[in-house]
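These notes concern the structure reproduced below.
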Amino acid sequence: MAEAAVVEGVSKHFDAGRRVEALIAVDLVVKEAELVVLLGRSGAGKSTLLTLIGGLDRPDAGTIHVGGLKVDALRGGDLDRFRQRTVGWAFQTAGLLPLLTALENVWLPLALLGQADGIAIGEARAVLRAVGLEDRADHRAYELSGGEQHRVALARALVKAPLLLLADEPTAQLDSESAREIAMLIRRAADSGTAVLFATHDRAVAEFADRVLVIEDGRVRESG
Ligand SMILES: Nc1ncnc2c1ncn2[C@@H]1O[C@H](COP(=O)(O)OP(=O)(O)OP(=O)(O)O)[C@@H](O)[C@H]1O
Ligand SMILES: [Mg+2]
C-alpha cells in the first residue's frame, strides 16, 4: 500500500515561560488502509504531532508529507484546501452543532466544499448508515447520547473521504462499550482504505491497530 503520511525528523518546542521539547526527531509512516495507534500518556506530545501532520501548526525541523504534499511548506489557499479536503479529524469532544440534525451536521462539510445538495445529502445519509445511525438522521445533535454524538462526528469526518483520519483520543470520554464501537468504526474506515493515526492513552485500543507506536516525552518508537 502507498504511504499516506510520512513524518521525518520532526521536532517542535514550545516556549511558555519554560522551554518544552514537545517532539524530538520524530519519524513515522502511515500507509493507506493502515490503522496506526499512537499510545502515550498525557503530555507525551500526541496532540502536538497530530496538529503538525494536519497542517494546523509547523514543525521547527523535519518534514511532513501527506498524500505526496509537503505539508510544512503549504501556504495560503493550498494549505486551506489541504486542511479541508485531505485530512479528517476526530476529537475527544464530538463538537457537533447542537441545533442542527445529525444529517445536517454530516452534510455541512460537503456543502462547504460546494458539493450540490442532492448528492451531498445522499452521501451524508450513506455515511450515517455506515455508523449505524440512519434512524437518528433527523434528530437534533443535542438530542443524541454522547456515544451517538461521537458516531455522528466520525461520520462528519469520513464523509469527505479523507486520505488521512487524525483521531485525537476520540474514545476518552466514552464508556468502554461506546469506546469499542468508535474504535471498531475507525477500524472499518481503515479497512476501506483510509489511513488512520489514532492517538490515545488507552491500551485497549491497541487491539484494533495494525501497528502500535509509543510516544514518550516527545520521542516515538515502535511498541514492544
Ligand atoms: N501551545 C502550547 N504552548 C506551550 N506548551 C505546549 C503547547 N502545546 C503543548 N504544549 C506542551 O507540550 C507537551 C506535549 O503536549 P501535547 O498536548 O502534545 O500532549 P498530549 O500527549 O496530547 O497530552 P494529553 O493526553 O493530555 O492530551 C506538554 O508538555 C504541553 O504542556
Ligand atoms: Mg492531547
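No lab work stands behind these numbers, since they all come straight from the coordinates. No experiment lies behind these values; they were computed from the predicted model shown. Cβ sites come from the backbone with ideal geometry, for glycine too, and all protein chains shown count toward neighbours.
General remarks:
- Taking the DSSP bridge list for the chain and keeping only pairs wholly inside it, about 55 percent are antiparallel.
- Nearest-20 debye value, the stretch 7-95 charge dipole, Cβ charges on Lys, Arg, Asp, Glu: 200 debye
- Relative packing of peptides 138-144, 158-164 - highest average C-beta neighbours within 10 Å first: 158-164, 138-144
- Between ARG203 and ASP117, the simple label model (points 7 Å from Cα in the Cβ direction) yields a spacing of 5.2 nm.
- Cα-only Debye scattering, the stretch 1-93: base-10 log of I(q)/I(0) at q = 0.13 Å⁻¹: -0.45
- Tilt relative to the chain, helix 117-130 - C-alpha long axis, 0 to 90 degrees, to 10: 70 degrees
- Over all pairs of different C-alpha atoms, the chain has a mean inverse distance whose reciprocal, the Kirkwood radius, equals 17.8 Å.
- Considering only ARG18, ARG58, ARG156, the mean-square fluctuation computed in a Gaussian network model of the chain, springs between alpha carbons under 10 angstrom, is largest for ARG18.
- Between helix 176-191 and the chain: long-axis angle, C-alpha atoms, 0 to 90°, nearest 10: 80 degrees
- Counting only DSSP beta bridges with both residues in the stretch 135-224, the antiparallel share comes to about 45 percent.
- For the peptides 70-81, 90-101, the ranking by mean Cβ contacts within 10 Å, running from highest to lowest, is 90-101, 70-81.
- The long axis of helix 102-112 is offset from the longest Cα principal axis of the chain by roughly 60 degrees.
- Neighbours of PRO162, meaning other residues whose beta-carbon lies under 13 angstrom from its beta-carbon, give a summed charge of +4 when Lys and Arg score +1 and Asp and Glu score -1.
- Gaussian network model of the chain, Cα within-10 Å springs - most flexible of ALA206, ALA126, ALA167: ALA126
- Residue with peak Gaussian network fluctuation, the chain [Cα springs, cutoff 10 Å], from GLY45, GLY122, GLY62: GLY122
- Environment charge at ALA199 (Cβ cut-off 14 Å; Lys +1, Arg +1, Asp -1, Glu -1): 0
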